[in-house]
Amino acid sequence: MKNLQKLNRNKLKGIKGGNTTDIGYCPDSQTYIPCDELCPNRRNPLCAIQA
């Protein structure tokens, strides 16, 4: 347990094989999509602010 380190979001995505794209929420269709795509109603998804 002493060798554990706190991982930030980018490191965790790197381990899981992902990139820096976050997941956003489309309230109209109640679905989750990548933040760089558009919702079915052609609006941007609700995404967390990138630090």
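Taken together, the values in this text are just the output of simple stated rules run on the coordinates, not laboratory data. Since the structure is predicted, the reported quantities are computational estimates derived from the model, not experimental observations. Cβ placement follows ideal geometry from the backbone for every residue including glycine, while neighbour counts extend to all protein chains displayed.
Once the Cα-Cα distance is subtracted from the 0.36 nm per residue extended length, the A48 to D22 segment shows a gain of 8.6 nm.
The ranking of Y25, Y32 by Cβ neighbour count inside 10 Å, starting from the fewest, reads Y32, Y25.
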